[in-house]
Every structure is written in C-alpha cells, then in structure tokens.
Amino acid sequence: MKAAICTRLSNADENSTSTKRQETECREYASRHDLEVVEVFVDEGISGYKDVERPAFDEAVDNLARGEFDVLIAWKLDRLSRRGMGQVGAILDKLENTGRKIVTVVDGVDTSQATDRLMIGLLAKMARSESVNTSVRLKAQRREAREKGRISVGSPPWGMTRREDGSYVPDLETGPIAREVLDRVLAGEATINLVRWLNSNGHFTTRGNYWTQAALSRWMHFPTLARMVPYNPGKRRHQDLSRS
C-alpha cells in the first residue's frame, strides 16, 4: 500500500518536535506496517489553530480522497489540526467509504476503525482547548511584557541589546554609534553620507551586512529606538514606554 506523510510546525522552539523528526518517526511507522512512502507534505510556520489555509495539509487530504495513496501518516493528531472536531469531522466524512485512512504515530489513531471516531473527536477537542489556552497565556505574557517596557518577540535593532528581563537598552559597543547616526540625521545630514561613513568605518548591520539607504531607513523607523513597543502591529499602533 502507498502512503504519504504530513508534518506541521507552527514555530521552532525548544519544546517543538521538528518536521524532520516527525517525518523520521512517520517513516519508521510506515516501515513497520509495510507501507511505501510516496510523498511528504510539510506545513512549516503555520498554526494548526489560527491558519485557515494550510496548503500542504489541504493538498494531502485531497490527494488521499482521490486515491493517489492509501494512507496518510501524521506524527500526532494535533499536527493535522487544532481546530476541533468540526474540521476533523469534515475530513472523516470525506474519507468515509473510500477505503483510505489517516493514521497517527503517537496517538495510535486509525480513521478506518469505527471505534476510533469517538477518540478522534476527544483528541481533536483537547488539541483545540490546548491551543486556546496557549493563545490566552501568550497574550497575557506579552501584555505584561509591554506594560513593563519589555519586548517579548523579535530581535533588538542595531545599537540596542536585550537585558535578561526582556527590556531593550543601548548596546555598549554599537549604541554610541547609533546615537551619533540619529543625531546627524536630525541635524539634516543625507542618509547616503551616513551609509558611506558606516560602511567605511566597519560599522555593519546586526547581520554583518553593508548598510544601504533602504536598510538605514528601515532601522531608523524601529519604534523601539524611541522607547515604543508595538502592541497592534497589523494596525501599526505603538505604546509609548518613554516613562517606563
């Protein structure tokens, strides 16, 4: 029988099981069950809870329903979906009476087994609840960080460094240079002159690249340089933390 593997990772952190690791364990499962893996579908950086569109996942389910392979292997049910029984139920309906199935390595789910349907619903509900709780917890942590003048995500802009408590302060080495650049801009100096001055003196970007006018312009618009923290990036709103 032919099989495909579907993996997903919303973000990479120390608690995440990488898509490569998921694929390895799915391949081991396929080998144990005499399944020939013909395709691998990967959704990287996509949430199983928030993202409505998951191209690889949708393609995998559609191909399974069409019979391009017989079994779709996922590492765990929540790698398929964290949007609850509504979405999982729709998938089960699509596969009903096709003779094809989805299986998971960790949960031991097999959608071809009628007795597994209740368990699948329970696991889907638990995955959704976990995602909701995680979302609430992260929002609370980020709100608290903003209120205390800390940045909970992202990297410090050139000229600044992050302290252990998450707040940004001028970097001892590049901070004075950044201050000089900003003073010269405010005094009316052309950015092209500053780009040439930075590059000729070996003051490169945080990634070690040469400065360009576009890069310098982007850097000057970082809200954190003005002691402001984004609290609604989609609407370009910022919270003033100058007195924090």
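Structure notes:
- Heavy-atom accessible surface of segment 152-202: percent carbon and sulfur, 1.4 Å: 53 percent
- Residues with amide H under 5 Å from that of residue 102, placed H, sequence gap 5 or more: 72, 111, 112
The values are calculated or read from the model by the stated rules, or taken from the named source; none is laboratory data. All values reported here derive from a predicted model rather than from experimental measurement. Side chains are part of the model used for accessible areas, which takes the heavy atoms of the whole protein and leaves out ligands, DNA and RNA. Shrake-Rupley method; radii C 1.70, N 1.55, O 1.52, S 1.80 Å.
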